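The values are calculated or read from the model by the stated rules, or taken from the named source; none is laboratory data. Since we're looking at a predicted model, the values are computed, not measured. All Cβ positions, glycine included, derive from the backbone under ideal geometry; neighbour counts span all protein chains shown. These area figures cover heavy atoms from the full protein model, side chains too; ligands, DNA and RNA do not enter into them. Shrake-Rupley method; radii C 1.70, N 1.55, O 1.52, S 1.80 Å.
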Amino acid sequence: VRKDGMESANVRAITRGADVTEATLYRYFPDKKSMFEEVWKKEAYVFLDALQKVILPVGDASNAELLSNYVQEHFSLYDANPAGYAYVFLSSAARKWRSADSRYQEFKGDLGRIFGSMNQSKSFDPLSAEMVRRIFISTIYFIPNSIESGQIEGPASRYAADIVTISMRLLGNVPSGE
């Protein structure tokens, strides 16, 4: 799968690599798509657990600190497991699975609340807090996508401070000293 991608992977090669029979595989999964979705969920929930820990307010952490921690954790996850990260966040199948997964949607809501609270005294007109969240996420995904395509060099975490600065400017919160 890592070598050829999900679309071109065949069940025989998968079972050979996993050292199981096709019958065993089909006992647990009705088809290849179901198997890939289950693998995605297991991998995605590991990433979501790590990301959720850094965006849930603890003590007197500001929203800016929470977003900074979120960006750093996102890039650390990519640096530690580029293939897993790409599967969970960057693949076309993952986009579909994320939109249908209730746990991912709950996480997205937690992240959206941070943006909403940062907008309490400001107006993004014509941008909404949701639009800003989408731009923020696209900006985060830009770094791993660019590393994957060879446009920039890793590690991704070296770009975290720049992404936080760009995001804070987008939110109308220019970091001090600038």
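Positive contributions from Lys and Arg (+1) and negative ones from Asp and Glu (-1), summed over other residues with Cβ under 14 Å from the Cβ of Gln72, come out at -2. Taking the protein heavy atoms of the range 14-76 in the context of the full set of protein chains, the accessible area attributed to carbon and sulfur is 54 percent at 1.4 Å. As a calculated quantity, the FRET efficiency between Ala161 and Leu90 at R0 = 22 Å, using C-beta atoms, amounts to about 0.50. Note on Asp19: accessible area is roughly 140 Å² with a 1.4 Å probe, heavy atoms of protein only. Taking a Cβ cut-off of under 14 Å around Ile143, the surrounding Lys, Arg, Asp and Glu residues balance to a net charge of -4, with basic ones at +1 and acidic ones at -1.
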